[in-house]
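Here the structure comes first, spelled out in structure tokens, and everything after it is commentary.
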Amino acid sequence: MANLWSGRFEKEMDSIVEEFNASINFDKRLYDCDINGSIAHVTMLSEQGIVTEDEKIKIIETLKQIKVEIDNGEIEFSVKDEDIHMAIEGILIKRLGDTGKRLHTARSRNDQVAVDTRLYVKKEILNIVENLKYMEEVLLEKADKYHDQIMIGFTHMQHAQPVTIGFHLMAYFQMFKRDIERFKDAYERTDYCPLGACALAGTTVPINRHRTAELLGFKNVTENAMDSVSDRDYVLEVESAASICMMHISRFAEEFVYWNSQEFSYISIDDSFCTGSSIMPQKKNPDMAELLRGKVGRVYGNLVQLLTVMKGTPLAYNKDFQEDKEGLFDTIDTLKKSLIIFAKMIEKTEFLMDNISKQLNKGFLNATDIAEHFVKMNIPFREAHELVGKMVKYCEVNNMDFVDLNDRDLNKIDEKLSKSLLPEDLSMEGCAKGRVSYGGTAPIEVLRQINVGKSWLHQQ
Ligand code: ARG
């Protein structure tokens, strides 16, 4: 069959050009959005008296039938169809003849592809948010379980201060919370219907764009036809939000990789998320954590690819924009799967407290607590810092810990120092417990953070 646009052409397309031009192989996944868009469009056309009631009914029935057949895999697409919009319209016309030819009144593929993509992005943002909410629930539960269990808090990958495991997990809760907010915010700007913008300049046909928007569940219509067909910000926004979210996933995944290493042994990732080695029989590799860490690459890539495609494109529609979809689909698929797999992996992970506790006495994690204790005894902080620094040095040289220091040692370090000046409780639990400042690591404060997190999550 000749292309639907072939009226002014004399020659057929070269087959390699046909293939290069076609997007059907990937945009076929928009078929339900395309059909919903067409049903709303023809409903509006009939309400406006542009097509008859009878024509509308025939078109809608046939479109619904085509949807069922695509759902069941009964329709085979070919590059000859070019894209999903032409493919569906082509089948419609084949089945309905002249009536089918009325559907494309006051519409262009330029606004059609824009409305399809917006509908798709809206639906997928909601799916992503659902997956993020699942992740948040898992984190809240784990954080609650480990709200008073102590581990090492690092800065520069050096032992810094004792923190609670629940506190560490709640840091990720906050990252994913912002991700949810970012996706919801992107949804707001996606929620404008471009249909009726036509090729670039609107139409002389008396359409009602607000009605089409309402039928499709958009909160409003886009304001300028030229912008409507050439805007891809909504794809870029979802890819940006996805890139930030994948960055969070990859940071967390990296922690899983090293926590799972022989050197750390803080966790042992469940067998169902690991693989073996083809040569080393003893190996159990954290492949899922590594893949989660690595998948961020393609998601960034897709964002940069589309930013680059859009750069410098003049108004209005350009075929370049067809390059928006493969990256978008890949990003959405990757993010949704990553969130589910990671949440399930976290759910199945327990911390090996015996191993973690053994590490706690290395690195003078309670040094800051001693300095803060000195501050409470009216020593200026800079001086307190200096004194504890000297204590650390002395302990390191003499292979001792703070608790081993007696009055003679302390006096040698600095004549101001004595055992009575040191805090009574130098335990890691004691230190963590004391950090009750808002947002701090104390178990009681972590429980507060969990409660705030829970009530926020329930409102989402
Ligand atoms: N397949 C095209 C895309 O994804 C649809 C729009 C084509 N419009 C056109 N005038 N060639 O962008």
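The values are calculated or read from the model by the stated rules, or taken from the named source; none is laboratory data. If you're wondering where the values come from, they're calculated on a predicted model, not measured in any experiment. Reconstructed Cβ throughout: ideal geometry from the backbone, glycine too, with neighbour counts over all protein chains shown. SASA here: full protein model, heavy atoms, side chains in, ligands and nucleic acids out. Shrake-Rupley method; radii C 1.70, N 1.55, O 1.52, S 1.80 Å.
Under the condition of being in contact with a Phe, Trp or Tyr (Cβ under 8 Å, 6 or more places away or on another chain) and more than 9 Å from the ligand (Cβ to nearest atom), which residue from segment 313-327 is nearest to ILE128 (Cα to Cα)?
GLU326
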> For segment 328-368, what are the residues that are away from the ligand (no atom under 16 Å from the Cβ), over 12 Å from the mean Cα position of the chain (by Cα) and of a type in the set (A, V, I, L, M)?
Replying inline: ILE341, ALA343, MET345, ILE346, LEU352, MET353, ILE356, LEU360, LEU365, ALA367
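Scan segment 114-127 for residues that are of a type in the set (A, V, I, L, M) and more than 16 Å from the ligand (Cβ to nearest atom) and jot them down.
Result: ILE125, LEU126.
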> Within segment 27-48, can you find the residues that are within 16 Å of the ligand (Cβ to nearest atom) and of a type in the set (A, V, I, L, M)?
Replying inline: LEU30, ILE35
>> Looking at VAL113, VAL129 in this structure, which one is open to solvent by less than 60 Å² (accessible area, probe 1.4 Å), touching a residue at least 24 places away in the same chain (Cβ under 8 Å), of a type in the set (A, V, I, L, M, F, W, C) and closer than 28 Å to MET44 by Cβ?
In response: VAL113
>> Could you check segment 17-48 and list, in sequence order, the residues that are without any contact (Cβ under 8 Å) to a residue 60 or more places away in the chain, open to solvent by 30 Å² or more (accessible area, probe 1.4 Å) and more than 17 Å from LEU119 (Cβ to Cβ)?
In response: VAL17, PHE20, ASN25
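Got at least one residue in segment 392-406 being among the hydrophobic types (A, V, I, L, M, F, W, C), part of a helix (DSSP H, G or I) and modelled with pLDDT under 95? I'd like the intermediate steps shown before the answer.
Start the filter on segment 392-406 by keeping residues that are among the hydrophobic types (A, V, I, L, M, F, W, C), which leaves 392, 395, 397, 400, 402-403, 405.
Restricting the remaining residues to those that are part of a helix (DSSP H, G or I) gives 392, 395, 397, 402-403.
Add one more test, that the residue is modelled with pLDDT under 95, and what stays is 402-403.
Yes; the residues of segment 392-406 include at least one that is among the hydrophobic types (A, V, I, L, M, F, W, C), part of a helix (DSSP H, G or I) and modelled with pLDDT under 95.
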> Would you pick out the residues in segment 349-373 that are among the aromatic types (Phe, Trp, Tyr) and within 20 Å of GLY166 (Cβ to Cβ)?
Replying inline: PHE351
> Tell me, which helices (runs of 4 or more DSSP H) lie completely within segment 168-261 with 3 or more residues that are small (Gly, Ala, Ser) and touching a Leu at 6+ places or on another chain (Cβ under 6 Å)?
Replying inline: 233-259
> Could we say that ASN36 is part of a helix (DSSP H, G or I) and of a type outside the set (A, V, I, L, M) here?
Replying inline: yes
> Of all the residues that make up segment 165-204, how many are open to solvent by 40 Å² or more (accessible area, probe 1.4 Å) and farther than 30 Å from TYR134 by Cβ?
Replying inline: 5
> Is there any pair with a first residue in segment 182-207 that is among the polar types (S, T, N, Q) and a second that is part of a helix (DSSP H, G or I) and surrounded by 16 or more Cβ atoms within 10 Å (Cβ to Cβ) whose Cβ atoms are under 8 Å apart and which are 6 or more apart or on different chains, and what are they?
Replying inline: THR190/ARG118; THR190/VAL121; THR190/LYS122; THR190/ILE125; THR190/TYR234; THR190/GLU237; THR190/VAL238
> Going through segment 275-302 one residue at a time, which ones are open to solvent by 30 Å² or more (accessible area, probe 1.4 Å) and within 15 Å of the chain's Cα centre (by Cα)?
Replying inline: ARG293, GLY294, LYS295, GLY297, ARG298, TYR300, GLY301
> Filtering segment 55-113 down to residues that are in a helix (DSSP H, G or I) and of a type in the set (Gly, Ala, Ser), which residue is nearest to the ligand (Cβ to nearest atom)?
Replying inline: ALA87
> For residues in segment 88-107 being small (Gly, Ala, Ser) and open to solvent by less than 20 Å² (accessible area, probe 1.4 Å), which is nearest to ILE207 (Cα to Cα)?
Replying inline: ALA106
>> Tell me whether segment 138-158 contains one or more residues that are out of contact with any Pro (no Cβ under 8 Å at 6 or more places or on another chain), part of a loop (DSSP other than H, G, I, E, B), open to solvent by less than 50 Å² (accessible area, probe 1.4 Å) and within 30 Å of ILE356 (Cβ to Cβ).
In response: yes
